[in-house]
Structures are given as structure tokens and as C-alpha cells.
Amino acid sequence: MRITQKIIFDDFMRDINKNRSKMAGIQSDLSSGKRVRIPSQDPVSFQRSRIVEEDIRKQEQYQKNISNGLRQGRLAQEALDETIDSLIDIKRIATHGASDTSRDKVRESMAEEISGIKDTMVATLNGSYGDRYLFAGTNSDQEPMEFDDAAPGGVANNSNDTTPRVQAGDKLFIEISINGVELRDTDAGDMFEVIGNIEQALMDDDTESLNAMLTDISEVIDHTSIMASRLGNNINRLEFMTEQYESTNIVMESDVSELVDTDYAKSFSDMQRTQIAFEAAMAVHTQMIHNTLLDYL
């Protein structure tokens, strides 16, 4: 077979174009930071990376939900702690008032003190996060506790029995507060009704009723403590899930990087090797092909 100038030139151009195309691809990988940008470059890696990226976006949304829920839950927990402290003060006053050594004027002063504590409790339980009341259930735009002489203990409950919650995972919802209905509904009766009864007994100088009510206020304290403990457990779950998502996202982002990102060390090495091959081909071509008139005689 005769090797003609045209065959030599065609082979040369094919190799040159192949090197140029390869260098262009490597340059694009280096400049974009992505080895796989379209499905045709690596269909399997492209599809797997999209699935993992969707999981990352979903987990990031769950993290945002949890972050908002934690802020609201921690405020509610602080409010419950303050409420428990107030209830303990009421029990201390009631215990003192039940003693036979206390006089009627002293008990009247105690009743006024409990009234002040009740006002503080109402303000605490009407706390809000942004435009949402913490203990209103899903009636979050309405103050849960409202003074009303006709209501139990002189405090009406505008809350409902649906506790606010956040979606922390696939089909996983976690409560971030306590609704006003379950908070007030104790084994001893309505929380504010118990407080109102103690206040009235002090006003009436009724030590016998006060002694009987000490058990009631203890049950109210226990009930509120259980509610606070339940909320605390939910907050711990949310905090744990936050750490878990952060750790998982790092792993998944690493997986995506391995699937589609440019390996810079390998790409630089490939670029140098391809460039050397290109320059060598050009040098050899210059030495081999000398088109002069003598070549055609």
C-alpha cells in the first residue's frame, strides 16, 4: 500500500483534532469545576448526583423547619419553667396561709399576692414568637389566655387542643409547644380555677379549704412539670436531628462531588500529557512534510 501525502496529512489532522477536542474538554472541566454537566457525559453519574442533590435539598428544608421549631420550642420551655416557678410560689403562700398562726389580714394580703402571680402567669402564657402565640395551639393569631370573670379562675382559654408541630423528616412531625387546653387540664381541674379557689379561700380566711387545696396545687405543679418534660424531650429530639442532618449532608455533598466534580490533580495531569502529545505531533509533522516542487517530480 502506498503511503501518500494525503494519507499522512489526514492521519495527522485526525490525531491533532482528537488532542484538541480532549484539551478543550479538560479545559472546560477545569474552568467549570464539573466533570459531568450534561447527561450524555456520564448518564449514570448524572442521574445519581441528581437524586442525591434532591435528598440534600429536602434535608436542608427539614433543617430550616427544625431551626424555626427549636426557637419556638425553647421560648415555650422557658415560659413553662417560669410558670412552674409561679405555681411553686403559690403553693408556698397557700401552705403559709393554711397555718393557724396566720391572721385574716395576712391571708388577705396573701390573696392579693396570688392575684399578682396569676396576672404574671397569664402574661407568660400569652408569650409569642413573631406573630404566633406559643400556647394557643393552632389558634396562633389569638392570645390563648384572656381575663374573664365568668371563666374558670377568671381566665378564659382561647386555645384549641391541636399542638403546633414541625415536619422534621419524611412523615415525621414533632410538637414544638404545649397547647393551652392540655396545659390547663390537670387532674385537680382547671389550672386557673385551682389558683382562683386558693385565692378565694385566703380571702374568706378558710384554713380548712386551704389545707385541702394543697394537694390540688401540687397536682397542678406535677402536671405542668410533665408538660415541660415532654416538650424538653421533643427539643432534644430536634437538636439531635439537626446534628444528624448536618453530618449526613456532609457525606452526601462528598458523594455528589465524587460523581460530577472535577478531579483537579488528574485533570492537570491529563492536560499536560495531552499538550505534550499535541506539541510532539506538530513537531513531527513539521519534520515529515515538506511540500516542494521536487516532491512531485
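Label-to-label distance for Glu78 and Asp187 is 3.2 nm, based on points extended 7 Å past Cα in the beta-carbon direction. Distances between placed amide hydrogens fall under 5 Å for Gly169 paired with no residue 5 or more residues away or on another chain.
Segment Glu208..Asp42, full-extension length gain: 51.3 nm, with 0.36 nm per residue of separation and the alpha-carbon distance subtracted. Computed from the C-beta positions of Asn68 and Ser225, the FRET efficiency with R₀ = 30 Å rounds to 0.70.
Model label sites at Asn160 and Ser99, defined 7 Å from Cα along the beta-carbon direction, differ in position by 4.8 nm. Using a Förster radius of 45 Å, what is the FRET efficiency between Asp55 and Ser109 based on their Cβ-Cβ separation? Nearest 0.05, please. Efficiency, from the Cβ-Cβ distance: 0.10.
Where a number appears in this text, it was derived from the coordinates with a stated rule and is not lab data. Predicted, not measured: the structure shown is a model, and the values here were computed from it. Backbone-built Cβ (ideal geometry, glycine too); neighbour counts: all protein chains shown.
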